[in-house]
Amino acid sequence: MDFKLKLLLTILGVSILFSGCSHKLNKNYALKKDSKESVFVMGVNSNKFALILHPGDVKNESFSSKGLSAAFMGRSENGYIINSTEGNNHIGFKYIAAISEETDQIIFQQPICDGIKTPVFKVPEGKVVYVGDVNLQYADGKIEYKMDSNFEKAEKFINENYPNLKGKLEKINVKEYSTKPCVRISPLQFIPVAK
């Protein structure tokens, strides 16, 4: 496959990804008994950022994503990213995009690679876990994040909005890892993003 076709397919894929495609956990979701699936909960300070969280491997203090299926892609809702995923996976940030307040379009994109640190968490099977809160800021041509924790607030939100997950939220550890080199493509700008 030549470079132009690969680039076109990549642009098409990212356009589809951020044009309304996101993961959302049904409010009536329930973990099945002896399930290998898990649920993770992450607070996000603003829905003016779109994120891709991706499963991957940790080797030599470095995180690299694997496979084609994201653990989450899209924007937070009501201050949280809540989704189910296969248990025993490491999950880290793959991509963050800043969204314009006025136009709801991507104004800046930052792949998480080339040694940029990413928070990584391992989700145990059959659990509902709180990863923490991520505070995202866009300034001076880059997106920065800081991890924080407000377990009580997240637990209250889950208990009030997800009746089948009530009382099941647990804390897990998150660790920062460096990332592998980026795959270079032309920058993509101004792709509409669903609210």
*asked:* If a residue must be in a strand (DSSP E or B), under 14 Å from N89 (Cα atoms) and under 8 Å from the mean Cα position of the chain (by Cα), how many such residues does the range 52-74 contain?
replied: 3
_Every residue from the range 79-99 that is more than 18 Å from V134 (Cα to Cα) and touching a residue at least 40 places away in the same chain (Cβ under 8 Å)_ = S84, T85, E86, G87, N88
*If you take the residues in the range 161-178 that are touching a Pro at 6+ places or on another chain (Cβ under 9 Å) and crowded, with 17+ Cβ neighbours inside 10 Å, which one is nearest to E125 (Cα to Cα)?*
V174
*Starting from the range 152-179, take each residue that is free of Cβ contacts under 8 Å to residues at least 40 places away in the same chain and list its partners that are of a type in the set (K, R), counting only C-beta distances under 6 angstrom and pairs at least six apart or across chains.*
N159/K166
*Checking P119 against (1) assigned to a strand (DSSP E or B); (2) at pLDDT below 90, the condition it does not meet*: (2)
*asked:* Can you tell me which residue is farthest from I143 (Cα to Cα) among those in the range 36-80 that are exposed (fewer than 14 other Cβ atoms within 10 Å of the Cβ) and polar (S, T, N, Q)?
replied: N60
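For the range 75-116, name all the residues that are assigned to a strand (DSSP E or B) and small (G, A, S).
Just the residues of the range 75-116 that are assigned to a strand (DSSP E or B), to begin with: 75, 77, 80-86, 89-99, 105-111.
Listed by number, the residues that qualify are S84, G92, A97, A98.
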*For Q105, state whether it is without any contact (Cβ under 8 Å) to a residue 40 or more places away in the chain, surrounded by 14 or more Cβ atoms within 10 Å (Cβ to Cβ) and either among the aromatic types (F, W, Y) or on the phi < 0 side of the Ramachandran plot (or both).*
no
*Hey, can you tell me all the residues within the range 95-122 that are within 17 Å of V44 (Cα to Cα) and of a type in the set (D, E, K, R)?*
E101
_Answer from E144, E176, E170 - the residue that is at pLDDT 90 or above, more than 15 Å from the chain's Cα centre (by Cα) and not β-branched (V, I, T)_ = E170
*Look at the range 28-44 and say how many of its residues are within 19 Å of K171 (Cβ to Cβ) and either in a loop (DSSP other than H, G, I, E, B) or polar (S, T, N, Q) (or both).*
2
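The values are calculated or read from the model by the stated rules, or taken from the named source; none is laboratory data. Only a predicted model underlies this, so the values are computations on that prediction, with no experimental measurement involved. When we count neighbours, we look across all protein chains shown, and the Cβ atoms used for this are built from the backbone with ideal geometry, even at glycine.
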